[in-house]
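So the structure is just underneath, and the comments pick up after that.
The values are calculated or read from the model by the stated rules, or taken from the named source; none is laboratory data. It should be emphasised that the depicted structure is a prediction, and the values quoted were computed from it without experimental measurement. Please note: Cβ atoms are built from the backbone with ideal geometry, for glycine as well, and neighbour counts cover all protein chains shown.
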Amino acid sequence: MARISDVQDDGFRTSLEEADQAIGDGEYTKAARKCAEIYLNLLEKRPDLIPPPFDWSRAAPQAQTGLPASQSRAAGGQGMRRQGWPGQGGIRVIFDEQRKPSVTYEKPDFSFSEAAYYFEFIMDEVVRAQREPAPAE
Amino acid sequence: MKFGLFYELQLPRPADRDQWRDDDEGRLIQETLEQVEFADKLGFDYVFEVEHHFLEEYAHSSAPEVVLAAAAARTKNIRIGHGIVQMPPKQNHPARVAERVATLDLVSNGRVEFGTGEGATNTELGGFLTTQTEKKEAWEESTRECLRMMSETPYPGHEGKYFSMPERNVIPKPLQKPHPPVWVAASRRETVMIAARFGIGALGFGFETPDEAEDRVARYYELVSQCRNPIGKAMNPALVTVGNMMCAPTDEEAVEKGLRGAQFFGFSFGWTHGAVKHGRDNVYREFRQRYDAAAAEAPVEVEPEDEGARTLYRAGRRGLFIGSPDFIRENLRRYEDAHVDAVLFFLQCGDRKHEHIMESMELFAKQVMPEFQERHRKHQKWRGQQLDGVKFPINSTI
């Protein structure tokens with residue numbers, strides 16, 4: 001389970017504390033934007049965490065549906081995996097052709113649920129990144 | 001641990017014709033009601049039914065309140081769950097939701113579980129002109145106000161971002177006070193934690209593994225115990241997960257009866273995210289062609305990294321609950337050890353036969369369910385310890 005206190009990097013820990021505090025203070029837009037900033041910082045420091053391109057329209061229905069893998073007797077998943085920035089809630093993280101990320105804000109204000117949503121994502125992402133060091137070059 | 005059934009009301013088109021037969025949708029509804037009636041007699045705790053729109057073959061459950069009312073009339077004990085009601089006001093005005101949920105609670109003699117959510121896919125949201133950008137914030141505003149409508153006399157009115165209405169007394173009021181237990185659909189881990197921060201139950205639709213569930217339970221109960229701003233007037237601390245189920249005397253028989261339905265579930269779920277030709281696609285025909293072709297291919301065992309894609313991938317696999325009673329029992333114990341409050345099963349899906357579903361329910365209820373029900377008090381004790389110090393009222397059926 002990810003906690004802010006688990007984060008060893010001072011910069012990330014301080015930023016997460018600021019985002020958490022903003023949620024507690026009811027400054028949800030500030031918190032949501034802070035989370036996006038933290039994500040960009042994380043990807044800058046750890047480009048190996050940039051998710052591969054994913055396109056629902058290509059992936060569905062042809063791929064990922066378990067055919068023919070589900071013929072397998074193996075049951076269940078393979079444990080926890082990394083995930084990309086959530087594709088909903090008004091903050092988009094987009095990648096250019098070189099997979100360089102940038103953020104677009106699709107609305108000026110954010111709600112509690114959106115701020116908390118982004119906070120939970122980025123806190124988990126930072127802690128996971130810490131657990132899984134970058135592959136040696 | 002408690003158990004329930006989860007219904008999408010899947011209805012594959014016949015592979016040999018372009019459209020359904022005239023009686024196909026009616027048969028689906030009647031069979032579903034028979035299954036729910038039987039589940040009640042067998043001692044299942046919950047039945048949840050989705051609300052989806054325009055998702056042909058994947059979910060013909062666009063008016064769950066009607067089916068759930070019929071189910072309530074035919075049952076005595078089973079909890080009647082919306083899994084979920086789409087709360088953005090463009091899909092459902094919150095006053096209409098409050099009226100319908102309260103009425104269903106009266107019809108069912110106080111057995112409603114009020115699941116909430118946002119809706120998904122551009123096919124569905126786009127049909128109501130709801131955007132991905134606004135849906136979460138709209139859910140929050142609408143859910144909060146809907147719960148006020150159920151519990152305040154009169155409702156003082158609201159000037160909001162996504163809907164406004166003047167003072168009115170929204171009637172009837174639900175039998176359960178201040179309102180039925182509230183849930184939110186949570187496909188992603190982050191939404192589980194929003195549920196905790198709002199003091200409501202999480203209907204985990206991510207097909208979480210036991211390890212993932214254990215991690216989520218820990219964080220969920222930490223957050224819910226610290227909740228200072230519940231979205232409603234009573235909390236419902238609970239975390240459930242879903243899985244595709246077919247219980248048969250042997251693993252081989254269960255796979256034979258159940259695997260293809262699970263695969264169609266995943267396949268049709270994926271289809272809803274693609275470029276749909278409304279009224280003209282035949283998803284089942286496409287599925288069968290690919291299914292037959294895929295049988296000769298080598299299995300691929302690598303899960304997608306993206307959580308949405310992973311959910312889709314897992315939805316189409318055998319998973320942990322298609323097997324013999326021993327197979328299912330062993331896997332359920334792992335969720336029990338992770339302190340998951342309940343597991344909901346997709347049993348009706350794809351081209352599964354009604355009689356196989358009935359047999360599966362009966363076998364599971366007789367050979368697997370009792371020991372988990374007997375141990376539920378132990379879980380309740382653990383849960384009580386997690387919630388020690390919570391200051392808000394709790395209305396929960398866990």
Search the stretch A:116-133 for residues that are more than 8 Å from chain B (Cβ to nearest Cβ) and in contact (Cβ under 8 Å) with a residue 24 or more places away in the chain and pair each with any residue that is surrounded by fewer than 24 Cβ atoms within 10 Å (Cβ to Cβ) and of a type in the set (Phe, Trp, Tyr) when their beta-carbon atoms are under 6 Å apart and the residues are at least 6 apart or on different chains.
-> A:122/A:39; A:126/A:12
Residue pairs qualifying under the 6 Å Cβ cut-off, at least six apart or on distinct chains, with the first in the stretch B:118-135 being of a type in the set (A, V, I, L, M, F, W, C) and the second being crowded, with 21+ Cβ neighbours inside 10 Å, are B:125/B:119; B:128/B:91
Considering each of B:218, B:262, B:195, B:185 in turn, give the residue that is away from chain A (no Cβ under 12 Å) and among the hydrophobic types (A, V, I, L, M, F, W, C).
-> B:185
Among B:49, B:56, the single one that is crowded, with 22+ Cβ neighbours inside 10 Å, over 27 Å from residue B:111 (Cα atoms) and not hydroxyl-bearing (Ser, Thr, Tyr) is B:56
Condition test on residue A:94, is it outside any loop (DSSP other than H, G, I, E, B), of a type in the set (A, V, I, L, M), at pLDDT 80 or above and farther than 20 Å from residue A:20 by Cβ?
-> yes
From the list B:144, B:111, B:100, which residue is over 30 Å from residue B:209 (Cα atoms), more than 14 Å from chain A (Cβ to nearest Cβ) and among the basic types (Lys, Arg)?
-> B:100
For residue B:229, the lone unmet condition from (1) away from chain A (no Cβ under 13 Å); (2) surrounded by fewer than 22 Cβ atoms within 10 Å (Cβ to Cβ); (3) not in a helix (DSSP H, G or I) is (1)
Just for the stretch A:1-23: of the residues that are within 14 Å of chain B (Cβ to nearest Cβ) and either in a loop (DSSP other than H, G, I, E, B) or modelled with pLDDT under 95 (or both), which one is surrounded by the fewest Cβ atoms within 10 Å (Cβ to Cβ)?
-> A:5
Residues located in the stretch B:147-182, provided they are assigned to a loop (DSSP other than H, G, I, E, B) and surrounded by 19 or more Cβ atoms within 10 Å (Cβ to Cβ) = B:162, B:170, B:173, B:174, B:176, B:179, B:180, B:181
Evaluation of residue B:249 against (1) farther than 17 Å from residue B:197 by Cβ; (2) more than 9 Å from chain A (Cβ to nearest Cβ); (3) touching a residue at least 60 places away in the same chain (Cβ under 8 Å); (4) not in a loop (DSSP other than H, G, I, E, B) (one fails), failing number = (4)
From the list B:99, B:113, which residue is at pLDDT 95 or above and part of a helix (DSSP H, G or I)?
-> B:99
Would the stretch B:153-172 turn up any residue that is of a type in the set (Ser, Thr, Tyr), at negative phi and within 14 Å of another protein chain (Cβ to nearest Cβ)?
-> yes
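The rows are residues; the columns are (1) closer than 26 Å to residue B:105 by Cα; (2) not aliphatic (A, V, I, L, M).
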{"position": "B:142", "(1), (2)": "yes, yes"}
{"position": "B:164", "(1), (2)": "yes, yes"}
{"position": "B:179", "(1), (2)": "yes, yes"}
{"position": "B:188", "(1), (2)": "no, yes"}
{"position": "B:195", "(1), (2)": "yes, no"}
{"position": "B:202", "(1), (2)": "yes, no"}
{"position": "B:207", "(1), (2)": "no, yes"}
{"position": "B:213", "(1), (2)": "no, no"}
Could you tell me which of the residues B:223, B:175 is touching a residue at least 12 places away in the same chain (Cβ under 8 Å), within 14 Å of chain A (Cβ to nearest Cβ) and hydrophobic (A, V, I, L, M, F, W, C)?
-> B:223
Can you name every residue in the stretch B:246-259 that is out of contact with any helix residue (DSSP H, G or I) (no Cβ under 7 Å at 6 or more places or on another chain) and either basic (Lys, Arg) or buried (at least 23 other Cβ atoms within 10 Å of the Cβ) (or both)?
-> B:254, B:258
Across the stretch B:122-136, what is the total count of residues that are within 9 Å of chain A (Cβ to nearest Cβ) and either in contact with a Lys or Arg (Cβ under 9 Å, 6 or more places away or on another chain) or crowded, with 21+ Cβ neighbours inside 10 Å (or both)?
-> 4
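Rundown of residues vs (1) closer than 24 Å to residue A:47 by Cβ; (2) part of a helix (DSSP H, G or I); (3) at pLDDT 60 or above, yes/no style:
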site	(1), (2), (3)
A:84	yes, no, yes
A:109	no, no, yes
A:113	no, yes, yes
A:118	yes, yes, yes
In this structure, does residue B:240 turn out to be modelled with pLDDT of 95 or more, part of a strand (DSSP E or B) and touching a strand residue (DSSP E or B) at 6+ places or on another chain (Cβ under 9 Å)?
-> yes
What pairs can you find where one residue is in the stretch B:326-348 and within 13 Å of chain A (Cβ to nearest Cβ), the other is acidic (Asp, Glu), and their Cβ atoms are less than 7 Å apart, with a gap of 6+ or different chains?
-> B:327/B:251; B:338/B:214
In the set B:255, B:217, B:224, the lone residue that is under 22 Å from residue B:356 (Cα atoms), part of a helix (DSSP H, G or I) and among the β-branched types (Val, Ile, Thr) is B:255
Report yes if some residue within the stretch B:376-389 is touching a Lys or Arg at 6+ places or on another chain (Cβ under 8 Å) and within 20 Å of residue B:42 (Cβ to Cβ); otherwise report no.
-> yes
